[in-house]
Amino acid sequence: MTNVRLSTTMGDIVLSLDEANAPKSVANFLTYLNSGHYAGTVFHRVISGFMIQGGGIDTNMRIKPAPHRVENEARNGLKNVKYSVAMARTSDPHSANAQFYINTVDNAFLDHPGQDGWGYAVFGTVVAGHDVVDRIGRVATGAQDVPREQIVITSADVVPSV
């Protein structure tokens, strides 16, 4: 398992990535992380009692280029439970690129086969910073579930196991 620290303006979140069950999703995430893609992105979508989403939009609310897509691995047996991290995507099941979300509650309806025959691929879990995830999940939001105050990922780094 590879551990990643997302340093945010609300505190640190440490993710443990599951290469054994989601090798393509983890490799994709690490490609973006190692390129510096996540630094300066925001949690741009927060839905209380559901999830927090980030990794693809900068502080000017512009979508960052994210050319690498990953095959949907939602059949891997990992579940969209509280504090799991999964690939965000459009209605195209294989459209996930840099954006990810962290479940703030159990969201079994996102598991394979989901509502569209595919589901959403979980590739890790939060192992530290649960309080930070919870605080982000409760922020005030405006139109399109965008937080009223920006929550910025200032850096993202591979770290030793916690």
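For the reader, a short list of remarks on this structure follows.
- For M1, M61, M51, order by how many other beta-carbon atoms lie within 10 Å, fewest first: M61, M1, M51
- This ranking places T125, T2 by how few other beta-carbon atoms lie within 10 Å of each, fewest first, which gives T2, T125.
- Based on DSSP H segments of at least four residues, each scored -39500 (n - 2.57), the chain has a per-residue ellipticity at 222 nm of -3500 deg cm²/dmol.
- Values of log10 I(q)/I(0), in the order q = 0.27, 0.31 Å⁻¹, for the stretch 22-78 under a Debye, Cα-only, solvent-free model: -1.12, -1.16
- From the C-alpha gyration tensor of the stretch 119-162, square roots of 5λ in Å: 23, 15, 11
- Separation between Cα centres of the stretch 54-98 and the stretch 110-152, rounded to whole Å: 11
- Cα lying deepest toward the dipole's positive end in the chain, options P67, N34, S161, charges on Cβ: P67
- Taking only the C-alpha atoms of the stretch 81-162, the Rg (one decimal) and the largest Cα-Cα distance, Dmax (whole number), read 14.0, 38 Å.
- Each 5 Å bin from zero up to the one holding the largest Cα-Cα distance in the chain carries the following percent of pairs: 2, 10, 20, 25, 23, 15, 5, 0.
- Relative contact order (%) - criterion: Cα under 8 Å, at least six apart; region: the stretch 2-159: 36
- In a reduced charge model with +1 at each Lys and Arg Cβ and -1 at each Asp and Glu Cβ, the chain shows a dipole moment near 220 debye about its Cα centre.
- Full extension of the segment from I63 to A143, taken as 0.36 nm per residue of separation minus the current Cα-Cα distance, would add 27.1 nm.
No value in this document is a laboratory result; all are computed from the given coordinates. Keep in mind that what you see is a predicted model, and the values were worked out from it rather than measured. Here Cβ is always computed from backbone atoms with ideal geometry, including for glycine, and neighbour counts include all displayed protein chains.
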